[in-house]
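Read the structure below first, then the notes.
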Amino acid sequence: MAELAVRRRRSWTGWRFVGPFMVVFALVFLAPIAYSIYLSLFKTRLIGGTSFVGLDNYQQALTDPSFWSSLGRVSLFLVVQVPIMLFIALLVALAIDSGRLHGSSFFRVTIFLPYAVPAVVAALMWGFMYGSQFGLLASINDQFGWSLPDLLSPSWILASIGNINTWEFTGYNMLIFYSALRTIPGSLYESAEIDGAGEFRKITAIKLPAIRGALVVATIFSIIGSFQLFNEPSILQQLAPNAITTDFTPNLYAYNLSFSGQQYNYSATVAIVMGIITMVIAYVVQLRGTKER
Amino acid sequence: MSALTRRRLLGAALASAVTIGLAACGSDDDSSTGGGTAAAQSVSDADVEAALQAGGNLTVWAWEPTLTKVVAEFQKKYPKVKVNLANVGTSADQYTALQNAFQAGSGIPDVAQIEYYALPQFALQKNLKDLNAFGAASLKDQYNTGPWNSVNSGGGIYGLPMDSGPMALFYNKEVFDKYKVEVPKTWTEFLEAARTIHKADPKVYIANDTGDAGFVTSMIWQAGGKPYTVDGENVGINFADAGTQEFVKVWQTLISEKLLAPITSWSDQWFQGLANGSIASLATGAWMPANFVTSAASGSGKWRAAELPQYTAGGTASAENGGSSLAITEKAAASTLAYGFLKYANQGDGVKIRVDNGAFPATSATLNDPNWLNTEFDYFGGQKANEVFAKSAQGVVSGWTYLPVQVYSNSVFNDTVGKAYVSNTTLTDGLKAWQDQTLNYAKDQGFTVK
């Protein structure tokens, strides 16, 4: 009897520690997800009100060309922009870490600085520079008599957004890589030098394997970031409304479904499907990235 | 915070309404859209006055800048009323905020500024009070026909017109004189002028356009097109009608020959273009002058206003572009008080305050006021531009109606018709795609599509 009471008390003690976290976790993580799933099972119409439709919304999403074309667009963005950005970030991190750079802390701060600029401001700023009539692009064309392509036209817009994102996030990724590089013990380099290894050999044999975890993390962050692309296209849309459609990215599509069309239910469905796809891809990358360690 | 007082006030207002009794609603139902019958008046003018004297709190969501002064004067006149005027965003941004509030069922303002094109959508969702209950029908003669028809939807009156936008052609006289181009009287002449100007200087365009739903619908309106048919829950769209074709003929040529500056309206580049003469004209609503003064100041003295070019030589047809109303939300805690504010701002003393500060009126008395007509605009080189606008207001083609899903429809305009501006897609195909996508949405929302 007494033993039972003790055991019960012990189990409650545990909950008392975890409880506050669990409450917050349930409120801010689980509740919104549960509510979205709940929303996605209904359909509200201007005429006829709300009705339960089961999985109809999911069926619609899976056959919605707007959704798939937006997913295709961010996937293309992911495949092209993320490797470029991570490569530049890695290069910069290695350069700063090599200790052969004068004023390395200056470079570190300068390259990180764009990350401190709010995404909205960055998009506005670049939007102005891309302007083909009175923007920087126009000035360059005037000055040199060039005819650079209109960076806000449908065929260039994705590259233009990729450029903004690279500018914004290279510094952030550089910092992740750099901090990982700083944790490598100096003794490893010393022994490598004794073995006659050059700088390049040190990179391939010591640095890269050592920051593999950081590379995987940065890649996953970038995948999620690409799939959630929203700020930049949303701001540039005002300058290039014909190039950036309302279903340009999955997030933009969900936003417009919800706020222009009041299709809250379908919007929740698109968000959930997109969330699942992102999770699956991020998980696969993590599995592959951390395998054979 | 003030919900309690508001509720108590409403109770008082309702009680007095009962004692005074139901006043008959005088006006007959002459709404162009037809449908339901007008609700009887249940709140009298005396009730409204009593509510104003009793005071209370009002939340107003509006972006119209002149309302700030109106609110100040209103509170001076009715010291017990506290108006909380909030600008939650312009146009579509405000509608997003409103939709969110309606969806959540809380945080809903008492009064909201809503443009004419968006009014049917909110009315249909039963988010707005039918002002017939306050006897608004008796105000019909005080407003111009265009704006008044715009606040009528299916027999209900869902707002009081605040301003209107009869269209005019604003043009940069300096540019037109420089290239010896006459101010176009017809759209055909406009096309010729566009060619002449752009040929003379490839950096100068007669106008900018990257696809603007409001502009296109207004242009079709002027041409006498009636692509939208709305009858209760039945909607139809037909962009193959004659009026639309008239517009397409002119505009497709302008697009194909690249005679329009690829600059989006309201962007930074746009204001620069208007100010520095590289955008030589602009066909838009009569509410534009205040924007010229504030955002394209260096163009002052160079611009003039002219009548809108015609599709048929010698015609006087015009259309509305933009313009908005103040509406009372269905859940407004102090609706009687809110109506008092509406009348003050859009029909009473507030009209003069707003007009003096550059707003374009919707009230017929102002349009006939010689003082107003004789106002000289410095920006337009001393021209009495209001005469042009008043004439346009009288020429607005009747019978136009927007869709009850116009907010959504306009949001996908650039997805569909926009393609015509940046690719080989024709305007006709673009309009067809717009029509299809809008009708699909309407069907999905439970409308019967013809």
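Every read-out reported here was derived from the displayed coordinates using simple, explicitly stated rules and does not represent laboratory data. Every value quoted in this text rests on a predicted model; they were computed, and no experiment measured them. All Cβ positions, glycine included, derive from the backbone under ideal geometry; neighbour counts span all protein chains shown.
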Lysines with Cα under 16 Å of B:Lys226, excluding same-chain neighbours fewer than 8 positions away:
B:Lys432, B:Lys450
Taking only the alpha-carbon atoms of chain A, the convex hull volume per residue, in cubic angstrom, is 231
For region B:124-132, in order, what is each residue's ³J(HN,Hα) by Karplus, 6.51 cos²θ - 1.76 cosθ + 1.60 with θ = phi - 60°, in whole Hz (x at glycine and Pro)?
4, 7, 6, 8, 10, 6, 7, 6, 4
Excluding same-chain residues fewer than 8 positions from B:Lys126, which aspartates and glutamates have a Cα within less than 15 Å of its Cα?
B:Asp110, B:Glu233, B:Glu330
The protein assembly as shown, Kirkwood Rh and Cα Rg, ratio Rg/Rh at 1.04
At a Förster distance of 25 Å, what's the computed FRET efficiency of A:Leu208 paired with A:Ser75, Cβ-Cβ distance as r, to 0.05?
0.40
Excluding residues on the same chain fewer than 8 positions from A:Lys43, give the lysines whose Cα lies under 16 Å from its Cα.
B:Lys443
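I want the local charge near B:Ala393. Using Cβ-Cβ distances under 12 Å, sum +1 for each Lys or Arg and -1 for each Asp or Glu among the other residues.
For residues surrounding B:Ala393, the net value is -3.
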Answer check: chain B, Cα atoms, Kirkwood Rh, Rg/Rh ratio of 0.98
How large is the dipole of the protein assembly as shown about the Cα centre if only Lys and Arg carry +1 and Asp and Glu carry -1, each at its Cβ, rounded to the nearest 20 debye?
2440
Give the separation of the Cα centroids, region A:9-49 to region A:105-153, in Å.
43
Estimated D of region B:208-256 in µm² per second, where Rh is the Kirkwood radius over Cα pairs and Stokes-Einstein applies at 37 °C, 0.692 mPa s
285
Percent breakdown of C-alpha pair distances by 5 Å bin, ordered from the shortest bin, for region B:33-164:
2, 9, 17, 20, 22, 19, 9, 1, 0
Note the angle between two axes, namely the Cα long axis of helix B:3-20 and the longest principal axis of the Cα atoms of chain B, as a number of degrees from 0 to 90, rounded to the nearest 10.
80
Could you work out, for region B:393-439, what percent of all Cα-Cα pairs fall into each 5 Å distance bin, beginning at 0 Å and stopping at the bin that holds the largest distance?
5, 21, 23, 17, 14, 12, 6, 1
